[in-house]
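Student: What follows is a single structure, and I will ask about it in a moment.
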Amino acid sequence: MKNYQMKTDSIQQLGINTVRVLSIDAVQKANSGHPGTPMGLAPIGHVLWAESMTYNPENPEWANRDRFILSAGHACMLQYSFLYLTGYDVTLDDLKHFRQLHSKTAGHPEYGLLAGIEVTTGPLGQGFANGVGFAIAQKKMANRYNKPDFDLFDYKIYAICSDGDMMEGVSSEAASIAGHLQLGNLIYLYDDNHITIEGNTDLAFDEDLAKRFEAYGWHVQVLADGNDLAALFAAIKNAQMETKRPSLIKVRTHIGYGSPNKVDTAAAHGSPLGEDEVRLVKERFGFDPDQHFEVPAEVLHYYREAGQKGIKKEQDWNELYKRYKGKYPELANEYELISSGKLPEGWKEKLPVFKAGDEKIATRKASGKVLNAIADDLPHLMGGSADLSPSTDTDLKKYESFSSANPGGRIFHFGIREHAMGAILNGMALSKCIIPYGATFLIFSDYMRPPIRLAAIMKIRPIFIYTHDSIGLGEDGTTHQPVEQLIGLRSVPNLTVIRPADANETANAWRVALEHTDGPVALILTRQELPVIDQEKYTKATELEKGAYILSESEKEPQIILIGTGSEVQLLLTAQEQLKDKDVAARVVSMPSWELFEKQDAVYKEKIFPKALRKRLAVEAGSPLGWHKYVTDEGEVIGINKFGESAPGEEVLKEYGFTSENVVKRAMEIIWRP
């Protein structure tokens with residue numbers, strides 16, 4: 001262990017104080033931000049970036065780098081400062097433009113915006129849970145690709161967490177499963193500064209956190225002084241040596257450290273210190289109070305040298321990988337393919353095709369058949385459910401469960417932890433070598449809204465599977481019957497929502513989801529059984545990729561367009577025949593995905609929904625919000641504006657007007673309306 005007491009020249013302390021001053025200058029210039037937390041955390045940041053973590057600023061994507069997550073995303077000036085100092089593609093001008101329009105240094109760390117940011121954080125607890133996904137991905141990669149004398153993937157996941165992270169429920173869910181899985185590659189540092197926005201944490205938070213995490217199965221260390229560099233280094237070294245348990249280092253810090261008037265107060269949390277206080281801080285640390293964004297040359301040199309260490313480490317890793325590829329060419333080729341975001345050839349040929357003469361099948365069960373048909377050809381596809389695999393049909397039948405004893409398993413058991421499941425999926429997806437999926441009932445997507453939104457912001461590719469998608473699920477009643485969830489998910493920018501009408505649309509929904517690389521996908525599936533739509537009589541389900549397509553055209557010029565998704569499409573096909581008996585020509589459009597349809601060109605949109613044909617009827621067992629864009633002011637929607645009922649699904653659907661007879665009745669009213 002390095003002897004910090006020997007460092008009488010104090011370059012380390014000067015570096016730490018430089019980070020403190022950079023942070024308060026950036027917040028003050030922006031007149032917005034959180035200065036106090038970076039001031040208290042600067043010693044921890046120093047020990048991580050200068051002494052503990054393995055990384056290469058010249059290649060932030062190096063596969064075996066340690067991952068750092070700032071779960072306390074409001075402290076982002078800490079991370080931005082160290083990224084600049086250690087040589088990432090961050091300039092002093094970037095720090096000066098903190099929180100400004102089009103700046104790379106946003107108000108919270110944003111993945112894809114700035115090199116070195118592994119994950120978008122800010123909503124507290126999310127980064128904590130993302131790290132568990134990162135750790136699972138590392139375990140999975142090591143199990144599949146590491147060989148004797150070839151430890152390709154042995155990186156650690158470091159995170160800094162705040163009091164707020166520890167209070168959010170998602171962290172409890174994630175900590176519980178991390179302990180259960182014995183994720184010894186997790187090293188979390190808890191910034192125990194005793195302050196939140198409203199004041200001292202004693203107002204609402206006084207539990208024994210160390211005992212709580214010990215009960216979860218974590219290795220816990222408690223440090224009394226966040227400025228004790230030797231103790232910090234020793235604790236991190238101990239955590240690195242602990243391989244059977246995730247590690248938590250509880251560090252007593254002082255928010256606003258160095259501020260004479262605001263240290264240990266809520267005033268240092270979410271507002272600039274003020275010009276006068278900034279001057280006092282600089283004077284205390286020996287900086288010129290009239291200078292801004294001052295970085296002593298020796299400090300920059302010191303941290304740039306620390307950053308350069310990773311170049312040699314990556315060079316050594318590249319040599320190791322070169323030898324590995326010579327000995328294990330098939331595994332190396334597989335890794336290179338999947339890490340590029342591409343899919344192996346031939347997997348689409350394994351997608352099942354369902355026949356009209358087959359028995360009725362719920363789309364959730366069709367989804368399960370699809371998953372198992374393609375699993376062998378997609379080794380990086382893995383996932384599970386929030387304790388609902390028998391109901392969501394998400395088990396890969398030929399494969400084992402992921403566990404501490406079997407990190408090669410591909411079936412994941414998230415337990416009844418929907419919120420953590422979503423965030424863990426995001427962490428797994430960010431590994432770029434896993435396509436993760438997670439399943440629950442559509443109603444419980446409400447528990448997952450934060451990670452869904454963050455996945456959409458980051459444009460990463462977890463697949464969310466939501467079954468029991470309407471009042472058609474039946475007897476469980478209002479608490480389990482989704483109404484507003486579909487439109488809620490559709491309102492999330494960059495989330496692709498697909499609600500297939502039958503088994504073949506489900507197979508094609510999986511094809512689209514797996515090929516979709518710039519955002520998450522939500523598959524919305526039925527509990528109730530549905531007939532397989534005849535692929536010979538009607539348009540083939542491959543057209544699902546366009547979001548909406550003419551499933552069945554009328555023999556004559558159509559007088560009305562019937563539009564539906566999911567289980568309601570069956571009603572439209574029956575209604576079309578009944579309308580035909582009344583000498584009314586109706587076009588049936590299956591519209592499984594608004595988002596996919598909106599990506600089509602104007603010519604295609606006009607083909608499906610001609611501007612001249614404004615009499616339209618949309619049918620969906622959910623909120624009618626949003627449908628008016630497609631039905632026009634001359635059309636209507638059969639939807640749901642209230643909660644469901646506890647009764648057999650078919651009875652509830654009939655009670656709420658989801659019958660072919662009601663579709664015909666409403667269509668006729670629209671047609672003959674003056």
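Student: When only DSSP loop residues count, what trypsin sites (Lys or Arg not before Pro) in the range 296-402 have their Cβ near at most 13 other Cβ atoms within 10 Å? The partial results should precede the final answer.
Tutor: On the way: sites: Arg304, Lys309, Lys312, Lys313, Lys322, Arg323, Lys325, Lys327, Lys342, Lys348, Lys350, Lys355, Lys360, Arg364, Lys365, Lys369, Lys397, Lys398; in loops: Lys342, Lys355, Lys360, Lys397, Lys398.
The qualifying sites are Lys342, Lys355, Lys360, Lys397, Lys398.
Student: What are the extents of the Cα atoms of the chain along their three principal axes, in Å, largest first?
Tutor: 95, 59, 46
Student: Report, ordered by chain and residue number, the lysines lying within cross-link reach of Lys642, taken as a straight Cα distance under 19 Å and ignoring same-chain residues fewer than 8 apart.
Tutor: Filter leaves Lys654.
Student: Let me have the 222 nm mean residue ellipticity of the chain computed from DSSP H runs of 4+ only, each contributing -39500 (n - 2.57), with the sum over all residues rounded to the nearest 500.
Tutor: Details: 24 runs with 263 residues, N = 674.
Helices in the chain give a 222 nm mean residue ellipticity of -12000 deg cm²/dmol.
Student: Kindly list the residues of the range 152-166 that lie in the label zone of Lys244, defined by a backbone N under 18 Å from the point 7 Å along the Cα-to-C-beta vector.
Tutor: none
Student: Spelling out what I want: for every residue of the range 350-364, take phi, set θ = phi - 60°, compute 6.51 cos²θ - 1.76 cosθ + 1.60 (Karplus), and round to whole Hz; glycine and proline get x.
Tutor: 8, 4, x, 10, 9, 9, 4, x, 5, 5, 4, 8, 5, 5, 5
Student: Please report the carbon-and-sulfur percent of the accessible area for the chain; probe 1.4 Å, protein heavy atoms only, DNA, RNA and ligands left out. Present the calculation step by step, with values, prior to reporting the outcome.
Tutor: Details: 12770 of 26150 Å².
Percent of accessible area from carbon and sulfur atoms in the chain: 49.
Student: What is the gain in length, in nm to one decimal, between Thr54 and Lys237 on full extension, counting 0.36 nm per residue of separation less the C-alpha to C-alpha distance? Spell out each step's value before the answer.
Tutor: Values: separation 183, 0.36 × 183 = 65.88 nm, distance 1.31 nm.
Gain on stretching Thr54 to Lys237: 64.6 nm.
Student: Please compute the modelled spin-label separation between Glu536 and Arg304, points set 7 Å along Cα→Cβ, answer in nm with one decimal.
Tutor: That separation, rounded to one decimal, is 7.4 nm.
Student: With labels modelled as points extended 7 Å from the Cα through the Cβ direction, what inter-label distance (nm, one decimal) is found for Ala224 paired with Glu555?
Tutor: 9.1
Student: Per residue, how many Å² of accessible area does the range 512-664 show with a 1.4 Å probe? The partial results should precede the final answer.
Tutor: On the way: 6540 Å² over 153 residues.
Ligands and nucleic acids excluded, the figure is 43 Å² per residue.
Student: Distance check, please: which entries in Lys355/Lys599; Lys104/Lys250; Lys540/Lys599; Lys140/Lys313; Lys139/Lys325; Lys104/Lys459 exceed 27 angstrom between their Cα atoms? Before the final figure, lay out each step's value.
Tutor: On the way: Lys355/Lys599 30 Å; Lys104/Lys250 31 Å; Lys540/Lys599 20 Å; Lys140/Lys313 22 Å; Lys139/Lys325 20 Å; Lys104/Lys459 17 Å.
The pairs that break the limit, which is 27 Å between Cα atoms, are Lys355/Lys599; Lys104/Lys250.
Student: While we're here: May I ask you to list the lysines whose Cα is less than 22 Å away from that of Lys309, ignoring any residue fewer than eight positions away on the same chain?
Tutor: Hits, sequence-local ones excluded: Lys2, Lys7, Lys156, Lys237, Lys322.
Student: Can you spot the aspartates and glutamates whose alpha carbon is less than 14 Å from Lys580's alpha carbon? Ignore those fewer than 8 places along the same chain.
Tutor: Glu553, Glu555, Glu557, Glu661
Student: What does the extension gain come out to for Asp202 and Lys605, with contour length at 0.36 nm per residue minus their alpha carbon separation?
Tutor: Values: separation 403, 0.36 × 403 = 145.08 nm, distance 5.84 nm.
Extra length available between Asp202 and Lys605 comes to 139.2 nm.
Student: Then there's this: Fully extended, how many nm does the chain gain between Thr517 and Glu669 (0.36 nm per residue separation, minus their Cα-Cα distance)? Numbers along the way, then the final one.
Tutor: On the way: separation 152, 0.36 × 152 = 54.72 nm, distance 4.33 nm.
Contour length minus the Cα-Cα distance gives 50.4 nm.
Student: How long is the range 538-674 along each principal axis, judged by its Cα atoms, biggest number first, in Å?
Tutor: Sorted from largest, the Cα extents of the range 538-674 read 44, 33, 29 Å.
Student: Same structure, new question: What nm distance separates the two modelled labels at Asp290 and Asn31, each placed 7 Å from Cα along Cα→Cβ?
Tutor: 2.4
Student: Quote the relative contact order of the chain in percent (integer), defining contacts as alpha-carbon pairs under 8 Å separated by 6+ residues. Please report the intermediate quantities before stating the final value.
Tutor: On the way: 1420 pairs, mean separation 79.9, N = 674.
Averaging sequence separation for qualifying contacts and normalising by length gives 12 percent for the chain.
Student: Follow-up. In sequence order, what are the phi-derived ³J(HN,Hα) couplings for the range 460-471 according to the Karplus relation 6.51 cos²θ - 1.76 cosθ + 1.60 with θ = phi - 60°, rounded to whole Hz, with x for glycine and proline?
Tutor: For the range 460-471, the Karplus-derived couplings read 9, 10, x, 10, 9, 10, 10, 9, 6, 8, 6, 4 Hz, x marking Gly and Pro.
Student: Quick check on the chain: of the DSSP beta bridges with both residues there, what percent are antiparallel, nearest 5%? All intermediate terms of the calculation are to be shown ahead of the outcome.
Tutor: Values: 7 of 60 bridges.
Beta bridges within the chain, antiparallel portion: roughly 10 percent.
Student: Which FRET efficiency value, to the nearest 0.05, is calculated for Ser646 and Leu625 with the Förster distance at 25 angstrom and r the Cβ-Cβ distance?
Tutor: 0.55
Student: Once you treat every alpha carbon in the range 235-307 as an equal point and sum by Debye, what is log10 I(q)/I(0) at q = 0.16, 0.18, 0.20 Å⁻¹?
Tutor: The computed values of log10 I(q)/I(0) come out as -0.83, -0.90, -0.94.
Student: What number comes out for accessible area per residue over the range 176-277 if the probe is 1.4 Å? Units Å², please.
Tutor: On the way: 4330 Å² over 102 residues.
Heavy-atom accessible area per residue stands at 42 Å².
Student: Report the Cα-based extents of the range 541-609 along its three principal axes, largest first, to the nearest Å.
Tutor: 36, 26, 16
Student: Loop-only check: which GluC sites (Glu not before Pro) in the range 353-441 are DSSP coil with at most 15 other Cβ within 10 angstrom? Walk me through the numbers before you get to the answer.
Tutor: Values: sites: Glu359, Glu400, Glu418; in loops: Glu359, Glu400.
When the GluC sites (Glu not before Pro) of the range 353-441 are filtered for loop state and at most 15 Cβ neighbours within 10 Å, Glu359, Glu400 remain.
Student: Roughly how many Å² of Phe464 are accessible to a 1.4 Å probe, to the nearest 10?
Tutor: My reading of the accessible area for Phe464 is about 0 Å².
Student: Starting from the Kirkwood Rh over alpha-carbon pairs, what translational D in µm² s⁻¹ does the range 143-185 have by Stokes-Einstein at 4 °C and 1.567 mPa s? Write down the numbers at each step before the final one.
Tutor: Numbers: Rh = 12.7 Å.
Taking Rh from Cα pairs, D becomes 102 µm²/s.
The values are calculated or read from the model by the stated rules, or taken from the named source; none is laboratory data. Computed from a predicted model, the values in this text were never measured in an experiment. Cβ atoms come from the backbone with ideal geometry, glycine included; neighbour counts cover every protein chain shown. Heavy atoms of the whole protein, side chains included, go into the accessibility calculation; ligands, DNA and RNA do not. Shrake-Rupley method; radii C 1.70, N 1.55, O 1.52, S 1.80 Å.
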